[in-house]
There are 2 protein chains.
Amino acid sequence: MDKEYHITEEVITALQQIVSPSFVFSDVDVLKQYGSDHTEDLNFPPSVVVKPQTTVEVSEIMKLASEYRIPVVPIGARTGLSGGILAVHKGIGLSLERMNRIIAIDEKNFQIITQPGVITEVLQNEVTKAGLFYPVDPSSKGSCFIGGNIAENAGGARAVKYGVTKDYVLNLEVVLPNGAIIWTGANTLKNATGYNLTQLLVGSEGTLGVITQIVLKLLPQNRYNILMLVPFYQMTQAAEAVSAIFRAGIVPSALEFMERDAIDWTLQYNDFGDLGINDGIEAHLLIEVDGNYQEVLFAEAEKIVQVVEAYAIDEVLYADTEEQKNKLWKLRRNVAEAVKQNTVYKEEDTVVPRYELPVLLKGIKEIGKKYGFRSICYGHAGDGNLHVNIIKENMTDTDWKTNVPKGIREIFELTVHLKGTLSGEHGIGWVQKEYMDIAFNRLHLQLMQDIKKVFDLKNIMNPGKIFPQQ
Amino acid sequence: MDKEYHITEEVITALQQIVSPSFVFSDVDVLKQYGSDHTEDLNFPPSVVVKPQTTVEVSEIMKLASEYRIPVVPIGARTGLSGGILAVHKGIGLSLERMNRIIAIDEKNFQIITQPGVITEVLQNEVTKAGLFYPVDPSSKGSCFIGGNIAENAGGARAVKYGVTKDYVLNLEVVLPNGAIIWTGANTLKNATGYNLTQLLVGSEGTLGVITQIVLKLLPQNRYNILMLVPFYQMTQAAEAVSAIFRAGIVPSALEFMERDAIDWTLQYNDFGDLGINDGIEAHLLIEVDGNYQEVLFAEAEKIVQVVEAYAIDEVLYADTEEQKNKLWKLRRNVAEAVKQNTVYKEEDTVVPRYELPVLLKGIKEIGKKYGFRSICYGHAGDGNLHVNIIKENMTDTDWKTNVPKGIREIFELTVHLKGTLSGEHGIGWVQKEYMDIAFNRLHLQLMQDIKKVFDLKNIMNPGKIFPQQ
């Protein structure tokens with residue numbers, strides 16, 4: 001495919017006929033706006049932005065794109081962290097923002113049917129109102145779309161107990177690159193009928209088709225939770241405690257790690273008052289347990305305290321009120337933003353079996369020393385999922401461009417050596433694809449690319465993503 | 001491909017060189033034995049049975065098969081219910097029974113690495129000894145292999161709370177049809193790195209590759225459970241109660257349905273003593289809750305009783321001892337066998353959203369009446385997964401051959417109409433493939449078949465399964 005596709009007036013007119021002229025945008029400002037997500041400072045504007053409202057409109061757009069071999073990038077809320085929506089080959093930016101309707105909450109079957117453009121937190125709240133529970137809880141839930149969550153197989157803080165997006169997706173309506181519409185599976189909890197195309201689509205980052213309807217399974221609500229913040233004097237001990245909690249038979253509903261720098265950056269740019277963090281503290285664990293029986297939660301919290309007291313810790317802070325809980329969660333959620341708004345950075349989404357976390361953490365710091373960069377680490381330690389923000393600070397541009405990629409490569413080599421992989425929940429998208437050879441050999445990558453070809457022979461569906469050298 | 005592949009002496013010699021002559025079998029008796037699983041009375045012997053012990057041997061066998069274009073059928077414990085291992089095109093029967101080693105139980109990361117030929121119950125017991133829990137619990141667990149569970153995405157009684165096989169598979173070592181060896185994913189709880197080939201392999205019924213190593217996630221052990229049997233005067237009320245239990249906020253660890261006939265058949269052919277079942281009882285629910293806190297389980301059991309008491313029920317029977325629990329579970333597990341050993345039958349593995357269960361049940365009985373067959377229904381009602389044993393009894397052979405397939409087609413049309421599908425946990429294999437057009441349109445089936453082609457261009461990997469008209 002050409003490096004860039006230049007769209008013609010003829011195509012613009014055809015798009016206007018499909019969605020009406022009010023929902024086809026060619027202004028430079030709009031294109032620029034739809035050319036960025038939350039990945040570094042990258043901007044790759046599409047040639048045109050289209051905002052369909054129905055599956056049929058999406059299908060018509062794909063038929064047109066297929067006919068003219070125009071690249072199409074499905075666009076959600078643009079909160080992605082791997083550049084999945086960057087229009088690196090120009091073409092059509094297909095925004096799903098108008099497909100923002102919850103179609104039904106099926107209280108009888110514990111399911112929700114929704115369009116992709118619903119904000120995840122809105123979906124969660126509506127489900128809660130119906131007395132049910134959608135537990136997947138990405139940090140960006142206040143702005144990200146459920147469709148994007150599926151495209152990237154989003155995780156978040158509660159994955160440690162409840163799993164990630166993929167564990168809730170029962171069925172997907174997908175518009176294929178040629179415009180055909182299929183449902184990938186059935187609205188059932190079990191399915192052994194043909195290949196699992198549902199799970200093939202989850203995490204496929206918009207490269208196989210456009211997701212236009214989603215059936216998710218829901219759980220009964222949990223009434224109670226307990227949240228505590230544990231300050232550790234040694235960072236690696238905090239990482240070690242993560243496994244110890246599970247080995248004590250507890251499955252917390254969240255188990256988050258933040259190294260000291262992460263908290264300090266966040267406190268510097270937000271007003272959280274004085275948390276009274278002792279000078280020697282190197283890291284914190286934010287731990288939540290949830291359930292329907294308060295006595296059980298008290299017992300579990302007590303057991304957790306017993307476990308962490310075997311390490312060098314400062315006083316455990318309990319969040320007694322909803323307000324305190326919100327504050328602690330806000331602190332955790334703001335880490336990424338605090339770092340990103342105040343320095344040039346690159347974010348890696350490393351993941352390993354959770355017992356290997358201390359080894360990973362130590363390795364990352366050593367690699368940073370070797371290549372001369374500082375990293376701020378935090379993330380979903382219960383899943384072995386550590387976000388590594390490599391910050392530029394006063395590195396020279398040359399060092400940043402030459403040394404950092406080498407360091408990142410070594411970090412990924414370490415994750416794979418530890419039986420982990422490149423990305424736990426952010427996806428590969430545009431910024432990690434050059435590292436894919438670390439996780440997969442040529443044959444394996446070819447297998448994936450050949451699967452893409454089955455769906456997308458003309459390579460119009462979000463081309464240039466996931467696979468290196470495209 | 002030819003209807004049948006006839007193997008040459010040259011190939012036999014090459015196989016003997018790979019695994020040694022002691023593990024290559026051509027005797028008619030052995031071939032016949034490896035030509036059947038638990039699907040009806042079907043027998044399709046392979047041309048030769050080979051029993052490799054290592055991944056490298058499997059790889060060598062596949063290279064040979066690929067060179068000579070010989071069909072290869074991976075064979076597990078031959079307990080399958082859809083004919084997945086039937087060598088319908090002859091060729092090599094690749095038995096994984098010698099790859100029966102648990103490689104490691106990783107207590108630190110709550111994972112097990114195992115070869116495919118380990119009996120599921122053996123694996124469960126070893127995991128339990130290590131203080132951990134592998135919850136997937138197919139009825140055939142005492143004889144089936146974990147590799148077969150993955151090939152068919154097996155479910156079982158505890159899927160309602162803990163999910164099915166697919167929910168525990170983190171990573172698979174797979175020998176591809178050309179002999180290449182890949183690991184599909186990583187040993188992590190989260191993974192957003194390329195397409196999810198792990199989940200594509202789960203449930204692919206031996207048609208994409210040979211699974212040679214398996215990494216499963218494990219849970220902490222649950223210490224307690226409560227088991228109860230609830231007799232319902234009306235079958236459809238039993239089915240209705242299933243949803244009502246969930247709507248009361250309870251997620252039981254098992255919720256099994258057995259219609260009266262199922263129990264009567266089982267009692268007739270087993271010695272379970274007198275269960276004191278009242279004459280008017282039409283169906284039973286077998287309900288289990290599990291967890292680490294007995295008080296909680298008592299509270300949940302009480303809540304369940306409150307729910308079921310809204311229906312016409314007889315006295316609830318609690319299993320007070322381990323012996324009683326085993327007896328009730330044995331009763332449930334023996335249903336299939338009791339039916340099958342005593343009549344010609346066909347088994348369907350229908351699945352619908354669980355609230356639709358009463359509609360499905362009613363529909364099945366009506367369809368049976370229309371086509372003149374009796375069915376015995378039981379299964380995992382909590383998942384909406386109903387096994388339908390259609391029994392021949394005194395139907396004529398002509399009626400059996402012409403009317404029953406029409407009835408089955410209508411049953412499947414009903415499941416799909418109810419947003420369900422053909423198979424919940426048994427797979428499509430050989431006996432259900434002619435019904436695939438009910439669940440998928442031509443394009444969708446073609447998509448799946450094209451994915452198969454990506455893995456298996458020469459169509460040697462368990463050919464003739466899943467897809468109609470092959």
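For the ranges A:149-159, B:224-234, B:442-452, what's the packing order if you count other beta-carbon atoms within 10 Å of each residue, average per peptide, and put the highest first?
Details: A:149-159: 28.2, B:224-234: 19.9, B:442-452: 17.2.
Result, highest mean first: A:149-159, B:224-234, B:442-452.
Taking B:Gln324 in one copy and the same position in all the others, each labelled 7 Å out along Cα→Cβ, what are the pairwise distances from the first, in nm, shortest first?
When each copy's label point is compared with this one, the spacings are 4.5 nm.
Across peptide B:412-423, what mean number of C-beta atoms from other chains lies inside 10 Å of a residue's C-beta?
Mean number of neighbouring Cβ atoms from other chains: 4.
Counting only protein heavy atoms, what percent of the accessible surface of the protein assembly as shown is carbon or sulfur at a 1.4 Å probe? Show your work: numbers first, answer last.
Working: 16180 of 34310 Å².
Result for the protein assembly as shown: 47 percent of the exposed heavy-atom area is carbon or sulfur.
Quick one: with label points 7 Å out along Cα→Cβ, list the inter-copy distances for B:Leu457 in nm, shortest first?
So the distances to the same position in the other copies read 1.7 nm.
Read phi for every residue in the stretch B:412-423 and hand back ³J(HN,Hα) as whole Hz from Karplus 6.51 cos²θ - 1.76 cosθ + 1.60, θ = phi - 60°, with x for Gly and Pro.
In residue order, the calculated couplings are 5, 4, 5, 4, 5, 4, 8, 6, x, 8, 6, 9 Hz.
So what is the relative contact order of the stretch A:32-149, in percent, for Cα pairs below 8 Å that sit 6 or more residues apart?
25 percent
In whole Å, what is the distance between the alpha-carbon centres of the stretch B:82-154 and the stretch A:391-468?
Spelled out, the Cα-based centre of one part sits 33 Å from the other.
Quick one: which bits of the stretch B:294-313 get at least 50 Å² less accessible when the partner protein chains are in, versus the chain alone, with a 1.4 Å probe?
Residues losing area: B:Val296.
Between chain A and chain B, with a rotation axis joining them, whose C-beta in A is nearest that axis, and what is the whole-Å distance?
Nearest residue, distance rounded to whole Å: A:Gln199, 2.
Looking at the stretch B:160-254, what % of the alpha carbon pairs are farther apart than 22 Å?
Numbers: 2268 of 4465 pairs.
Above the 22 Å cut-off, the stretch B:160-254 has 51 percent of its Cα pairs.
Show me, for the stretch A:88-100, the HN-Hα J-couplings you get by feeding each phi into the Karplus relation (A = 6.51, B = -1.76, C = 1.60, θ = phi - 60°), rounded to Hz, glycine and proline as x.
Using θ = phi - 60°, the values come out as 5, 10, 6, x, 8, x, 9, 7, 8, 4, 7, 8, 10 Hz.
Would you kindly work out the equivalent ellipsoid of the stretch B:9-98 from its C-alpha gyration tensor and give its semi-axes, the square roots of five times the eigenvalues, largest first in whole Å?
21, 13, 12
Quick one: which of A:386-392, A:409-415 comes out on top by average Cβ neighbours within 10 Å, and what's the full order, highest first?
Output ranking for A:386-392, A:409-415: A:386-392, A:409-415.
What percentages, rounded to whole numbers, describe P(r) for the stretch B:103-220 computed over all alpha carbon pairs with 5 Å bin width beginning at zero?
2, 12, 23, 26, 21, 11, 4, 1
Between the label point of A:Ser143 and that of the same position in each other copy, find the distances and list them shortest first in nm, with every label point placed 7 Å from Cα along the Cα-to-C-beta direction.
5.9
Can you give the Rg/Rh ratio of the stretch B:1-158, where Rg is from the C-alpha atoms and Rh is the Kirkwood radius?
1.01
Could you give me the ³J(HN,Hα) list for the stretch B:275-281, computed from phi with Karplus coefficients 6.51, -1.76, 1.60 and θ = phi - 60°, whole Hz, x at Gly and Pro?
Using θ = phi - 60°, the values come out as 7, x, 7, 5, 3, x, 5 Hz.
Starting from the exponent 0.38 and prefactor 2.2 Å, build the expected Rg for the stretch B:224-417 from its residue count and divide its actual Cα Rg by it.
Computed over Cα atoms of the stretch B:224-417, the ratio equals 1.04.
Compute the semi-axes of the equivalent ellipsoid of the protein assembly as shown, taking the square root of 5 times each eigenvalue of the Cα gyration tensor, and list them largest first in whole Å.
The three semi-axes for the protein assembly as shown are 43, 34, 29 Å.
For B:Phe272, which sequence-distant residues (separation of 5 or more, or a different chain) have an amide H within less than 5 Å of its own amide H, given hydrogens modelled in the peptide plane?
Under 5 Å from the amide H of B:Phe272 lies no amide H from a residue far enough along the sequence or on another chain.
Please express the Cα-Cα pair-distance distribution P(r) of chain A as a list of whole percents, one per 10 Å bin, running from 0 to the bin with the greatest distance.
Whole-percent P(r) values from 0 Å outward: 4, 20, 29, 26, 15, 5, 0.
State which entries of A:Lys166/B:Lys452; A:Lys166/A:Lys365; B:Lys108/B:Lys452; B:Lys51/B:Lys190; B:Lys406/B:Lys433; A:Lys340/B:Lys190 exceed 26 angstrom in Cα-Cα distance in the structure shown.
A:Lys166/A:Lys365; B:Lys108/B:Lys452; B:Lys51/B:Lys190
In the stretch A:373-406, what residues drop by 30 Å² or more of accessible area when the other protein chains are put back, versus the chain on its own? Use 1.4 Å, and skip ligands and nucleic acids.
The answer is A:Asp383.
In whole Å, what is the distance between the alpha-carbon centres of the stretch A:172-251 and the stretch B:368-388?
Taking the Cα centre of the stretch B:368-388 as reference, the centre of the stretch A:172-251 is 32 Å away.
The values are calculated or read from the model by the stated rules, or taken from the named source; none is laboratory data. Please read all numbers here as calculations on a predicted model, not as lab measurements. Reconstructed Cβ throughout: ideal geometry from the backbone, glycine too, with neighbour counts over all protein chains shown. For accessibility, only protein heavy atoms count, side chains too; no ligands or nucleic acids. Shrake-Rupley method; radii C 1.70, N 1.55, O 1.52, S 1.80 Å.
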